[in-house]
2 protein chains.
Amino acid sequence: MTGTGWQPVRKTRTFEDVLAQVERRIAEDGLTAGDRLPAERQLAEQLGVSRSSVREAMRVLETLGVVSSQVGRGPDAGAVLVSKPDAALTDLLRLHLGLASLEPREVIDTRLMIERWTAARAALTRPDVSVLAEAIAGMDRAASPEEFVEHDTAFHCALAEASGNRLIAAFMRSLRDSLRRYAVEAVVRLGDTSGLQTDHRRILRAVLEGDPDEATEAVTAHLARAYPDLCGE
Amino acid sequence: MTGTGWQPVRKTRTFEDVLAQVERRIAEDGLTAGDRLPAERQLAEQLGVSRSSVREAMRVLETLGVVSSQVGRGPDAGAVLVSKPDAALTDLLRLHLGLASLEPREVIDTRLMIERWTAARAALTRPDVSVLAEAIAGMDRAASPEEFVEHDTAFHCALAEASGNRLIAAFMRSLRDSLRRYAVEAVVRLGDTSGLQTDHRRILRAVLEGDPDEATEAVTAHLARAYPDLCGE
DNA sequence: ACCACAGTATGGTCAGACCATAGCAGCAGG
DNA sequence: CCTGCTGCTATGGTCTGACCATACTGTGGT
């Protein structure tokens, strides 16, 4: 694993073989989140490799949010299959942003794309809007830009959850994590948050009334207000 | 690293400390793709940890598409910073699909979202369409569903590249990799690919004429034809 | 019934060794 | 002077075996 397309003929490393075996076992045995993997020493013996190689494979799986390792003993100890792609996506975005191999504009553009989609979807599914309303109230009470952004994140992530697509929701959470700094900057730059709140209420109203086009329009206007230099086309 | 939000108070493991140090060094020294990291043994000595811990950290960075390790000696040997998020995203999607923690419908929905965005963007930027035309010609020549899907993937990925957003383009490539099986199934199920080709030409025409709304409409109709059971809302 | 304690399986870390690889430096021969 | 071979060396990749901290498990005493 670790990439299907690779031009170099590079010999597969031992830990990659372990990864392939584990993945095969997951597929064949139909393992899902909550199931346990064999212990490291046991797996090493089964596959005829050293524990180091097994550990490196575990590290990869852990990075991808597929397993979680717990020390100690008992039913919850050892390597357990989980489903936490959020951390992996967050790390991915943060590191590539740090490497300057992704520009903020690209990440913010992606966020706009996701927001438009989730808003329209949420308007169609008529979700429970109490979380959204609570987030707006939290922003009203916020005493600092950081606190405002915290509730703002909750609002937009709740919208993403409401869309019913876990992949897109996970992506949204990771994007917000990576963009927290820019979000705070945007709030500070604006100074007044009343315009943003007007947008939030307009989005909430559109979702409540089940009007996907209006919801899309509302989030577009919202992000254009927050990042005026990036949303002009 | 490995996730910013974590409720358990778990003691930071050594390799996580190494990751944090490496990430700090990347940020402080302004390292970018192409720069070299210290050798494993050297890094271990500098940080006062064992080589195993350094290696586990390297495995994480490699999984996230941030470094690439080359054996041997010389300027290209050792751990080099790269920027290859594709493999990481592909592995992420494939594993979570295998774990049944993501359903195909969610991944296909995500694809629809991205396609609509990239088509509209491509129509606005008026890209070089020769690659798109060549992909369509390749599909005309295709002798098998697999070959057809190969050129189809090239077409849609080229559209994503044309949008100018590397993050979204990378996501698109990963989605196509993960969905290859479903794409082939869809082509086989349809039997006749002339309808799909009509769609492709319509998309190309919309991009050529710089009509983003028509481009969006065209890809939506295209995916509705390919996955009729998933695109009804 | 409860509690204290030893047993044990787990992941986490370390030290040290060996291997294959691939560039590099030096030397021998033209 | 140039060319080609050869040994050196730094690199990642792997293995072994050890030790630690942790947290459940079972036992025995109260």
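The values are calculated or read from the model by the stated rules, or taken from the named source; none is laboratory data. Note that the structure is predicted; figures quoted are calculated from it, not measured. Counting neighbours? That spans all protein chains shown, and the Cβs are built from the backbone with ideal geometry, glycine included. Surface accessibility is based on the protein's heavy atoms, side chains included, excluding ligands, DNA and RNA. Shrake-Rupley method; radii C 1.70, N 1.55, O 1.52, S 1.80 Å.
Here are the numbers for this structure:
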item	result
Residue selected from region A:74-107 under the condition under 18 Å from B:Ala100 (Cβ atoms) and more than 16 Å from DNA strand C (Cβ to nearest atom), by the criterion farthest from the other protein chains (Cβ to nearest Cβ)	A:Asp86
Elements of type helices (runs of 4 or more DSSP H) contained in region A:1-120, each with 3 or more residues being in contact (Cβ under 8 Å) with a residue 60 or more places away in the chain	A:85-98
Number of positions in region B:10-32 that are more than 13 Å from DNA strand C (Cβ to nearest atom) and closer than 22 Å to A:Arg13 by Cβ	1
Selection count where residues are surrounded by fewer than 23 Cβ atoms within 10 Å (Cβ to Cβ) and not in a helix (DSSP H, G or I), scope region B:150-168	1
Qualifying residues in region B:38-73 (those that are more than 22 Å from A:Ala57 (Cα to Cα) and out of contact with any Pro (no Cβ under 8 Å at 6 or more places or on another chain)) - the one nearest to DNA strand C (Cβ to nearest atom)	B:Gly72
Any hit, region B:14-30, residues being within 11 Å of DNA strand D (Cβ to nearest atom), surrounded by 14 or more Cβ atoms within 10 Å (Cβ to Cβ) and of a type in the set (A, V, I, L, M)	no
Selected residue (criterion: nearest to the other protein chains (Cβ to nearest Cβ)) from residues of region A:114-125 that are open to solvent by less than 10 Å² (accessible area, probe 1.4 Å) and aliphatic (A, V, I, L, M)	A:Ile114
Candidate set from region A:35-91 (those that are of a type in the set (Ser, Thr, Tyr) and more than 16 Å from DNA strand D (Cβ to nearest atom)); member that is least open to solvent (accessible area, probe 1.4 Å)	A:Thr90
Enumeration of residues in region B:25-50 that are charged (D, E, K, R) and more than 10 Å from every other protein chain (Cβ to nearest Cβ)	B:Arg25, B:Glu28, B:Asp29, B:Arg36, B:Glu40, B:Arg41, B:Glu45
Residue within region B:126-143 that is open to solvent by 40 Å² or more (accessible area, probe 1.4 Å) and within 23 Å of B:Thr110 (Cβ to Cβ) present	no
Residue that is nearest to the other protein chains (Cβ to nearest Cβ), among those in region A:126-149 that are assigned to a loop (DSSP other than H, G, I, E, B) and touching a Leu at 6+ places or on another chain (Cβ under 9 Å)	A:Arg126
Residue in region B:185-193 that is assigned to a helix (DSSP H, G or I) and open to solvent by less than 10 Å² (accessible area, probe 1.4 Å) present	yes
Residue count for region A:163-210, restricted to those that are on the phi < 0 side of the Ramachandran plot and within 14 Å of chain B (Cβ to nearest Cβ)	18
